[in-house]
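Please read the structure below before turning to the comments.
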Amino acid sequence: MEPKGLELNISGWGSVRLMHALFDLNGTLALDGDLSPGVRERLLFLQDYLTLHLITADTHGTAEKVLQGCGDLTIVRIQAGNEAFQKGDYLEKVGSHQAVAFGNGRNDTAMLRRARLGICVMNGEGTAVQAILAGDLVVRSAVEGLDLLLKPDRLRASLRC
């Protein structure tokens, strides 16, 4: 089944149609190689609305194991070195104008900046200042970020002009 997309109308932003969600793994959806509580359930719900992509260097080598039971999620492994470029390049391939990106590290900055909506996640790993500045919003956890998509009035309240 094709995802339906998420339609948002945000004062000052206009109409936004999201079709894709791109995620960093470690430090964003997972901490120390373990998926953060509550993330799996939210990803399963969101897959009806968005095509889900995980872009990772897979630091802990656990991407497949960690993401078991998360539904239809495309895992894209990037090579060490020039990771920010690789993530930004993948974003452009799926369509940056219809994508939301989640990340926390310096290597997520191109993805956060170029996505239609960039959500910087402050998880227990820490967050690069460059990632904070590249995002449209900063949240305390992946669950909070995913909930913004599930409860779009929160997005409207934070982003309206």
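The values are calculated or read from the model by the stated rules, or taken from the named source; none is laboratory data. For clarity, every value in this text was computed on a predicted model and none was experimentally measured. Neighbour counts run over all protein chains shown; Cβ positions are idealised from the backbone, glycine included. What goes into the accessible areas is simple: the full protein's heavy atoms, side chains included, and nothing from ligands, DNA or RNA. Shrake-Rupley method; radii C 1.70, N 1.55, O 1.52, S 1.80 Å.
Solvent exposure of the chain, expressed per residue, is 47 Å² of accessible area, with all protein chains present and a 1.4 angstrom probe. Normalised by the number of residues in the chain, the mean separation of alpha-carbon contacts (under 8 Å, six or more apart) gives a relative contact order of 25 percent.
Length gained on full extension, Gln68 to Glu7, computed as 0.36 nm times the residue gap minus the Cα-Cα distance: 19.1 nm. The calculated FRET efficiency for Glu144 paired with Asp32, based on their beta-carbon distance and R0 = 22 Å, is about 0.70. Heavy-atom surface analysis with a 1.4 Å probe gives the chain a carbon and sulfur content of 48 percent of its accessible area.
Considering only Gln130, Gln79, Gln98, the Gaussian network model of the chain with Cα springs below 10 Å gives its largest mean-square fluctuation to Gln79. Largest GNM mean-square fluctuation across Leu29, Leu43, Leu133, computed for the chain with C-alpha springs under 10 Å, falls on Leu133. Of the residues Asn82, Asn104, Asn26, the one that moves most in a GNM of the chain with alpha-carbon contacts below 10 Å is Asn82.
Test of understanding: what is the full-extension gain from Arg106 to Thr59, defined as 0.36 nm times their sequence separation minus their Cα-Cα distance? Show your work: numbers first, answer last.
Numbers: separation 47, 0.36 × 47 = 16.92 nm, distance 1.46 nm.
Fully extending the segment from Arg106 to Thr59 adds 15.5 nm.
Spread over its residues, the convex hull of the C-alpha atoms of the chain is 97 Å³ per residue.
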